Amino acid sequence: MDGNSGFMEAGFVQVATTQGGGHSLEFFAERIVAKLIHVSETAPPPIRDQALAYQERMYQVVLDGLRRAVASDRAYFLKDKEK
Amino acid sequence: MAITNAICNSFKQELMQKLHDFTLSTGNVFKIAMYTSAATLGAATTAYSATNEVTGTGYTAGGNTLTNITPTLSANTALTDFQDTTWPTSTITANGALIYNSTNGNRAVISLAFGADKISSAGDFTIVFPAPDASNAIIRIA
């Protein structure tokens, strides 16, 4: 597609639903990382592999942070209820 | 009755009349409303309507306010994006959605087809926007 070939296109959303509770921490970690880094399917393999490895590392860091945040919030909530 | 995935024709014209601004914080307010399978939405849709809009626990008519992502350029393609949006603790059945500009007369932007009824039951109903790149972003101009 060159700069003179005009088009306007709509992307496709996905829907994620749950029953009887909220999404898992893994879901949120995946979505956060997806917003922070996107790896092109057409990137040269060495760059793509490195980016995917970085993406996986980010996922683990974000997931760990979310777990700590939830645990901290629950501890605060429980302590607050004891008062 | 059907919901198709399409950029609304009126939106294409209105862009040239500078009636839509997707800039984060300083731009217009865009909302997303969800609809049942009885709705008809597509390129010919021109504005938000409450007809056949979803009803259910955790859902308010008019839908959720979206968080804009300031448009960017990827090579020859201009694109914009929104943050994912969730209706928490909801009981909803929806077949599609409409993004519209609530700052400017509820003008329609894009109709979104889910492909089937999607259901939340005392849980989260989340719309996940595609990767913000030149091939997948929710609105792309090249």
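A short reminder: the numbers here are calculations on the coordinates, not readings from a lab. These numbers come from a predicted model, not from an experiment. Neighbour counts are summed over all protein chains in view; Cβ atoms, including those assigned to glycine, are modelled from backbone coordinates with ideal geometry.
If all Cα-Cα distances of region A:25-82 are sorted into 5 Å bins from 0 onward, what percent lands in each bin, rounded to whole numbers?
Per 5 Å bin, starting at 0, the Cα pair percentages come out as 4, 19, 19, 16, 13, 9, 8, 4, 4, 2, 1, 0.
Enumerate the residues in region B:30-61 having an amide nitrogen under 18 Å from the point lying 7 Å beyond the Cα of residue B:117 toward its Cβ.
B:34-41, B:52-59
How large is ³J(HN,Hα), in whole Hz, for each residue of region B:53-61 in order, when computed from phi with the Karplus curve 6.51 cos²θ - 1.76 cosθ + 1.60 and θ = phi - 60°, using x for Gly and Pro?
Couplings: 6, 4, 10, x, 4, x, 10, 10, 3 Hz.
Across bins of 5 angstrom width beginning at 0, how are the C-alpha pair distances of chain B distributed, in whole percent?
Percent of Cα pairs in each bin: 2, 11, 20, 24, 22, 14, 7, 2, 0.
Using a simple spin-label model with points 7 Å from Cα along the Cα→Cβ vector, what separation in nm is obtained for residue B:78 and residue B:37?
About 3.8 nm separates the two model spin labels.
Charges only on Cβ, +1 for Lys and Arg, -1 for Asp and Glu: so what's the dipole of chain B about the Cα centre, in debye to the nearest 20?
With only Lys, Arg, Asp and Glu charged at Cβ, the dipole is about 280 debye.
Rounding to the nearest 10 and keeping the result within 0 to 90°, find how far the Cα-based axis of helix A:45-82 lies from the longest principal axis of chain A.
Taking the Cα atoms of chain A, the angle to A:45-82 is about 20 degrees.
Sort the protein assembly as shown into rounded, prolate or oblate with this rule: let a ≥ b ≥ c be the square roots of the eigenvalues of the Cα gyration tensor; rounded if a/c is under 1.5, and if a/c is not under 1.5, prolate when a/b is larger than b/c, oblate otherwise.
Working: a/c = 1.94, a/b = 1.16, b/c = 1.67.
Oblate, because a/c is 1.5 or more while a/b does not exceed b/c.
For the pair residue A:76/residue A:14, report the inter-label distance in nm, with labels modelled 7 Å from Cα in the Cβ direction.
Going from the residue A:76 label point to the residue A:14 one covers 3.1 nm.
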